[in-house]
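J.: Take a look at the following structure, please.
Please treat every number below as a calculation from the coordinates, not as lab data. Model, not experiment: these values are computed from the prediction. Using ideal geometry, Cβ is built from the backbone for each residue, glycine included, and neighbour counts are taken over all protein chains shown.
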Amino acid sequence: MIKNNDVVYIQYTLSDQAGEVLEKTSSPIPYLHGHHNIFPKLESMLEGKSEGDKISVDLSADEAFGEKRDDLRRVESRDSFPDDAQLVVGSQFEGELPTGEVAIFTVVGMDGDKVYLDGNHPLAGQPLHFDVEVTSVRAASPEEIAHGHVHGEGGHHH
Ligand SMILES: [Zn+2]
């Protein structure tokens, strides 16, 4: 039974509202339960489940990557980038927001001297559907609990 401070290995398929598969795990991915390392609704639905259990969860955009934010769309001039910057559609740059958060901005268009950037997560604004299978559950080590994440294979490394 999954409870706080368990290391849970899951396989999942992530689909959009139309049922198109966006992402599918090829091997089990571990997370530390009860430490908000996955979407809160997904985490609470997995609470109490056991090895072999399967669940389906629908997340609104808000419960997943959030709504698209206009303040994350920017227009900059080419001059504001370093000379050696690769300015093509799809290039990504780190940028700081007025709040101090760091976001990854993707170049979504260019027009003359203007570079159009979008710092929204590619899946922001979308409801998502998860089909999840619990493949195994183990107790976390005291070190993993202290760090708030999984160590070892598939986890963080130190
Ligand atoms: Zn650690």
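J.: For n ≥ 4 DSSP H runs only, could you compute -39500 (n - 2.57) per run for the chain, divide by its residues and tell me the 222 nm figure to the nearest 500?
T.: -2000 deg cm²/dmol
J.: Quick one: what are the phi-derived ³J(HN,Hα) couplings along the range 63-74, Karplus 6.51/-1.76/1.60 with θ = phi - 60°, whole Hz, x for glycine and proline?
T.: For the range 63-74, the Karplus-derived couplings read 7, 9, 8, x, 6, 5, 10, 5, 6, 9, 9, 9 Hz, x marking Gly and Pro.
J.: Something else: Sorting check: for 69-75, 1-7, 113-119, 16-22, which peptide has the highest mean count of neighbouring beta carbons within 10 Å, and how do the rest follow?
T.: Answer by packing, highest mean first, reads 113-119, 1-7, 69-75, 16-22.
J.: Leaving out same-chain residues fewer than 8 places away, which lysines sit with a Cα under 22 Å from that of residue 41?
T.: The qualifying lysines are 3, 24, 49, 54, 68.
J.: Next up: With viscosity set to 1.306 mPa s at 10 °C, what whole-number translational diffusion coefficient in µm²/s follows for the range 70-118 from Stokes-Einstein and a Kirkwood radius over Cα pairs?
T.: 144 µm²/s
J.: Quick check: net charge around residue 28, other residues with Cβ under 15 Å of its Cβ, Lys/Arg +1 and Asp/Glu -1?
T.: The answer is -3.
J.: Using only the Cα atoms of the chain, what are the Rg and Dmax in Å?
T.: According to the Cα coordinates of the chain, Rg and Dmax are 19.2, 58 Å.
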